[in-house]
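Undergrad: Let me give you the structure first, and then I'll get to my questions.
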Amino acid sequence: MASAQPRSAGPHGAARRRRIGPRGTPRPGARTRNGRSPARVRRSRLYRRCPAVAGPGWAQALRAFSGLSRKVLVLDLDNTLWGGTLGELGPSGIEIGGLYPGNSYTELQEAALRLRNQGVVLGLASKNDEALVMKVLQEHPEVVLRPDTFSTHAVNWGPKPDSIRTMADALNLPPSALVFMDDSPFELAHVEEELPDVATVPPTGDPADLARRLLSHGWFDVLELTDADQRPPELYRARHRRQEFETEQASSHAFLHGLGLCVRVARAGEYDLGRVAQLSARTDQFNLKAERLDLARTARMDADPGFAVLVCSVSDRFGDEGLVGALWVERSTAVHGG
């Protein structure tokens with residue numbers, strides 16, 4: 001029967017036991033046949049067997065599992081969504097569609113539209129003439145992203161960090177929820193300096209690489225896509241209209257009365273459970289027990305007669321916010337007198 005202890009060849013070819021230290025560890029100063037210490041060998045073997053621990057794919061999976069995927073993609077226009085400078089070339093001179101490099105900008109716009117369809121909010125941050133930009137977005141036959149695909153925009157001549165900060169405030173989201181893509185190293189460096197939590201997508205110099213660079217970091221990856229995940233763009237547009245309505249009202253009472261709020265509480269349906277689990281994972285401030293209840297546990301509680309899983313939905317004159325709250329209730333027959 002083979003021994004479990006490490007062996008090495010003796011001077012006459014006979015196998016002998018290698019001296020070991022306490023608890024089976026090699027004695028101090030021991031070396032393998034290639035001259036490396038056993039500890040270094042063990043570490044290198046572990047690294048080879050677990051390369052994903054330090055790889056970008058592992059970070060993307062953790063980010064998606066933790067519900068920390070980015071929610072907003074802010075895009076530049078000139079040499080990002082189309083080739084050339086609109087103010088210099090005019091609407092007919094920009095490059096989009098057709099052959100290279102125009103088809104590369106179309107590919108990027110299509111990638112951004114797919115992200116929007118999975119619930120990512122799109123925004124514009126461009127130093128340009130707003131009227132001319134809107135004309136191109138509305139009328140150019142090769143443009144994929146029309147004005148209504150953007151939930152927020154800042155087309156002006158101000159500093160881009162200010163524009164992005166304003167957009168984040170309007171969406172009621174932290175800078176860490178945003179990704180910014182621009183062709184200018186100066187603009188990117190300015191945003192990174194002023195808003196370090198905003199993720200940036202650097203330029204590549206080759207338009208053919210634009211779409212790949214946008215998607216390669218996995219900023220918007222999710223483990224599961226629910227119906228609620230696909231609604232944020234329209235929700236944020238409704239919130240913007242709601243904010244405008246608030247500024248027009250004389251008091252908070254008038255604002256709340258004018259909203260026509262409707263709150264509904266109901267038993268969670270089969271297709272609500274995924275969203276309920278998401279709320280548990282992503283909610284911190286209003287999580288009364290600070291306990292994370294995943295989908296499997298939520299489903300077990302929903303099927304258990306001793307529990308009830310309830311959902312809260314809200315709507316008003318500007319739209320339906322959908323499912324915004326959940327309750328995990330344990331049934332009890334005990335009566336407590338006071």
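Undergrad: Among the residues of the stretch 292-310, is there at least one that is at pLDDT below 90, among the small types (Gly, Ala, Ser) and not assigned by TED's automatic domain parsing to the domain that holds GLY119?
TA: no
Undergrad: In the stretch 164-187, what count of residues is obtained for those that are within 27 Å of ASP206 (Cβ to Cβ) and part of a helix (DSSP H, G or I)? Please lay out each step first, then the result.
TA: Looking only at the stretch 164-187, we keep the residues that are within 27 Å of ASP206 (Cβ to Cβ), and these are 164, 178-187.
Subset that is part of a helix (DSSP H, G or I): 164, 185-187.
Residues that pass the stated criteria total 4.
Undergrad: Can you tell me which residues in the stretch 117-146 are surrounded by 13 or more Cβ atoms within 10 Å (Cβ to Cβ) and in a helix (DSSP H, G or I)?
TA: Once the filter is applied, which keeps residues that are surrounded by 13 or more Cβ atoms within 10 Å (Cβ to Cβ) and in a helix (DSSP H, G or I), the stretch 117-146 yields GLU130, LEU132, VAL133, MET134, LYS135, VAL136, LEU137.
Undergrad: Could you run through the stretch 245-285 and say how many residues are farther than 26 Å from SER69 by Cβ, exposed (fewer than 11 other Cβ atoms within 10 Å of the Cβ) and among the acidic types (Asp, Glu)?
TA: The qualifying residues number 1.
Undergrad: Which one of ARG275, ARG282 is touching a residue at least 60 places away in the same chain (Cβ under 8 Å) and basic (Lys, Arg)? Before you say what the answer is, go through the steps one by one.
TA: Values: ARG275 fails: touching a residue at least 60 places away in the same chain (Cβ under 8 Å).
Answer to the selection: ARG282.
Undergrad: For the stretch 82-116, how many residues meet the condition of being assigned to a helix (DSSP H, G or I) and either within 29 Å of the chain's Cα centre (by Cα) or within 30 Å of SER69 (Cα to Cα) (or both)?
TA: 15
Undergrad: Being over 30 Å from ALA170 (Cβ atoms) and not hydroxyl-bearing (Ser, Thr, Tyr) narrows it down to one of ALA250, ALA254, ALA296, so name that one.
TA: ALA296
The values are calculated or read from the model by the stated rules, or taken from the named source; none is laboratory data. From a predicted model like this one, the values you see are computed outputs, not experimental measurements. All Cβ positions, even for glycine, are placed from backbone atoms using ideal geometry, and neighbour counts span all protein chains on display.
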